[in-house]
Amino acid sequence: MVKPRKAPGEDKKRLTKWQIIMPVILIGVGTGVAFIISQFISGKPPLQQCITNEDLPFKLHAVLSVTIDGKPVEVPEGIGRDENCIRPLHTRGDGNVYVIYSRPIRFTLLDLLRLWNLDTEGYEMSIWVKGKGQQEFINIGSDPAKVAIEDGLNIRLELRSR
């Protein structure tokens, strides 16, 4: 049997309304599912979680010293701790900042300052760091979000009134 010839222009198929709408619907459903998983199933962000004990596999500590207008300020004991909760990022009163968690996690100096509720608004901030094995502090600017808490890191935070 011989197929009848098509007239020119009959080869083009037209997209139906459903072929246009269906990918949009699928993208919307996928985005909604991803949002639900990220907000409700995955749990609280690590900084808002409480650890039940300090015997977890990922541990590190850094040393933090703070001066305000050239005068040393003691880093208080109990940042990130209260009677019911120990946050994965906390202090114990020895000048050290501790991170304890079930897996490697990145916290920053900004996270600690938020837990501390240290008001830095009226100050110019200068941050100096010295890593393990380094001999001297390096000035890294004034953005605490750029300072990741790392094991053995020495952090010097200097605040000067404006």
Subject >> Crossing angle, helix 17-36 versus the chain [Cα axis fit, 0-90 degrees, rounded to tens] >> reply: 20 degrees
Original post:
If you take every DSSP beta bridge whose two residues both sit in the chain, what share of them, in percent to the nearest 5, is antiparallel?
Top reply: 80 percent
Original post:
In a GNM of the chain with a 10 Å cut-off on Cα contacts, which of Gln19, Gln49, Gln134 has the highest mean-square fluctuation?
Top reply: Gln19
**OP:** Would you indicate which of (i) 8.7; (ii) 20.5; (iii) 13.4 is the value of mean projected area of the Cα convex hull in nm² derived from the coordinates of this structure?
**Re:** (ii)
**OP:** Report the longest stretch of the chain that contains none of the GluC sites (Glu not before Pro) sitting in a DSSP loop with at most 14 other Cβ atoms within 10 Å.
**Re:** 11-53
**OP:** Hand me the tally of lysine pairs in the chain: alpha carbons under 23 angstrom apart, and the pair either on different chains or 8 or more positions apart.
**Re:** 10
Subject >> Cα-projected label distance for Ile37 with Leu15, points at 7 Å along beta-carbon direction, nm >> reply: 2.7 nm
Subject >> Dipole magnitude of the stretch 46-93, debye to nearest 20 (Cβ charges: Lys/Arg +1, Asp/Glu -1, about Cα centre) >> reply: 140 debye
**OP:** Roll a 1.4 angstrom probe over the protein heavy atoms and tell me the percent of accessible area of the chain that is carbon or sulfur.
**Re:** 55 percent
Subject >> Euclidean distance between Cα centres, the stretch 110-162 to the stretch 14-77, Å >> reply: 23 Å
**OP:** Counting only C-alpha contacts under 8 Å and six or more residues apart, can you give the relative contact order of the chain as a whole percent?
**Re:** 24 percent
**OP:** With springs connecting C-alpha atoms under 10 Å apart, model the chain as a Gaussian network and identify which of Ile36, Ile127, Ile86 has the largest mean-square fluctuation.
**Re:** Ile36
Original post:
Using a Gaussian network model of the chain with C-alpha springs under 10 Å, which one of Asn139, Asn96, Asn84 is most mobile by mean-square fluctuation?
Top reply: Asn84
Original post:
If you place +1 on the Cβ of every Lys and Arg and -1 on the Cβ of every Asp and Glu, how big does the dipole about the Cα centre of the chain come out, in debye to the nearest 20?
Top reply: 1700 debye
Subject >> Å² of accessible area per residue within the chain, as computed with a 1.4 Å probe and no ligands counted >> reply: 71 Å²
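The values are calculated or read from the model by the stated rules, or taken from the named source; none is laboratory data. In this text the structure is predicted, and so the values were computed from the model without any measurement. Counting neighbours? That spans all protein chains shown, and the Cβs are built from the backbone with ideal geometry, glycine included. All accessible areas refer to the heavy atoms of the entire protein, side chains included, with ligands and DNA or RNA removed. Shrake-Rupley method; radii C 1.70, N 1.55, O 1.52, S 1.80 Å.
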